[in-house]
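Take a look at the structure below.
Every number in this text was worked out from the coordinates using simple rules, so none of it is lab data. Please read these numbers as outputs of a predicted model, since none were measured by experiment. Ideal geometry is used to build each Cβ from the backbone, glycine not excepted, and the neighbour counts take in all protein chains shown.
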Amino acid sequence: MDAVAARYPFLAVARTAVKEADVDLGAVVQAADSPILARAVERVEGAIRDGRVPDPVADHEVELLSYPMARVLVSLINESVLTDRYALAEARRAMDLLASDRETAGLRSTGTQSLDRENLLAELELTDQLVVEDDGYSMAVTAYLRLISALRDSSWRLVDRRLTTGWVRIDEDELDILLREAIRHRVRVDLPLEVPDEIANELTAQVDAIGNMLADVRLPTDIDIVSPAQFPPCIAALVEQARAGHSLGPVERFTLVAFLRAIGLATADLPSFLEVDSTSEERTLLYTASRVCGESSATAYPPPMCETLEMLGVCVDADDRCMDVGHPLLGYHRRITAAPDVTDWREEP
């Protein structure tokens, strides 16, 4: 079994290897102790839990065949949040492996098999779309625009790039990010698949378990620290607008208030924190808080998820830490957990 195909199952050689293996999918899903199915579940659960597919298993055949099986599981659940998260997790895993393989000088860890960046570019049909420059690279603008479609950081905007006769300048790190996006697109294509009923029926237990895990990625409810330095970019931008005296729209105001209340800021502290000096704006702010908290309505509301904020145009300047969290509260929780020193606004003099 081709080791490179197992490590990079989105390659054309991997698809050929899967066909040549001629494995009976029905037998795989019916086997109670199938290592292929177990590894497929592990791939999907790793994407949900960690945003990355776990390290490859030693058995190349299991590793290779678990990839199409994982795609079957993702297709049966058919939730866009999972599909996108899984595709990104596979792409991240592939880039981690590629970086590791560079350090071992041409995939010595897989014998005589090799995959370098040049071969990957050819596989992803990007060879003719990239030119090596003295201080980096230039990518054809059409390829560049296609690959940045899901990148939220404003630094990727074409208006902020060096553009020369249809070519965009990028550096080494940016090229790796764009390669990751190209792999993500490759993994994402054709999902969800059409899965025969006889196969779907055999996977009910696995699908239910993954579905429950997806549902269990719940928002943190025990945050009680107000640290503006750790706010996600979208929330930081809304705070800045409010403090500058700009009147927020209903969606922006709701998002900001819901976030601040969810991280422990009392309703009474909202005007002070946001430095509101307008009586009408303060009244609107407090009314929004009463509705968010369920004081004047039957339900308490969390802030919208990232996908909704992006659709509504509230998502701005997202960084790499925003890519796989899916919700500003999750992003904030990760930031305050990882930060070596966090200062609470309420404790400042």
With viscosity set to 1.002 mPa s and temperature to 20 °C, compute the Stokes-Einstein D of the stretch 180-276, Rh being the Kirkwood radius across alpha carbon pairs; µm²/s, no decimals. 123 µm²/s
Fluctuation leader among Pro250, Pro302, Pro196 - the chain, Gaussian network, Cα springs under 10 angstrom: Pro196
How long is the gain from Glu118 to Thr337 if the chain were fully straight, where each residue apart is worth 0.36 nm and the alpha carbon distance is subtracted? 75.0 nm
For the stretch 306-314, 3J(HN,Hα) per residue [Karplus equation, 6.51 cos²θ - 1.76 cosθ + 1.60, θ = phi - 60°, Hz, x = Gly/Pro]: 4, 4, 5, 5, 5, 5, 8, x, 8
Along the stretch 37-47, what does the Karplus equation 6.51 cos²θ - 1.76 cosθ + 1.60 (θ = phi - 60°) give for ³J(HN,Hα), rounded to whole Hz, x for Gly and Pro? 5, 4, 5, 4, 4, 4, 4, 5, 5, x, 4
Using the scaling law 2.2 N^0.38 Å as the reference, what is the normalised Cα Rg of the stretch 1-55? 1.24
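I need the trypsin sites (Lys or Arg not before Pro) found in the stretch 242-349, filtered to DSSP loop residues with at most 14 other beta carbons within 10 Å of theirs. All intermediate terms of the calculation are to be shown ahead of the outcome.
Values: sites: Arg243, Arg253, Arg261, Arg283, Arg291, Arg321, Arg334, Arg335, Arg346; in loops: none.
Passing sites in the stretch 242-349 do not exist.
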Using the Cα atoms of the stretch 228-347, I'd like the radius of gyration and the largest Cα-Cα distance, Dmax, both in angstrom. 13.8, 39
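Ranked from highest to lowest mean number of other Cβ atoms within 10 Å per residue, what is the order of the peptides 130-143, 30-43? Don't skip to the answer; put the middle values down first.
On the way: 130-143: 14.4, 30-43: 17.6.
Going from most to least packed, we get 30-43, 130-143.
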Over its Cα atoms, what ratio of radius of gyration to 2.2 N^0.38 Å does the stretch 3-215 give? 1.09
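For the stretch 63-107, build the convex hull from the C-alpha positions and give me its volume per residue in Å³.
On the way: hull volume 2.5 nm³, N = 45.
It comes to 54 Å³ per residue, whole-number rounded.
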Comparing Gly264, Gly331, Gly166 in a Gaussian network model of the chain (Cα, 10 Å), the one with the largest mean-square fluctuation is Gly166
Backbone HN-Hα couplings from phi across the stretch 122-129 [Karplus 6.51/-1.76/1.60, Hz, Gly and Pro as x]: 5, 4, 8, 6, 10, 4, 7, 9
Long-range amide H contacts for Cys315: which residues qualify at under 5 Å (H placed 1.01 Å from N, peptide plane, sequence gap of 5 or more or a different chain)? Glu310
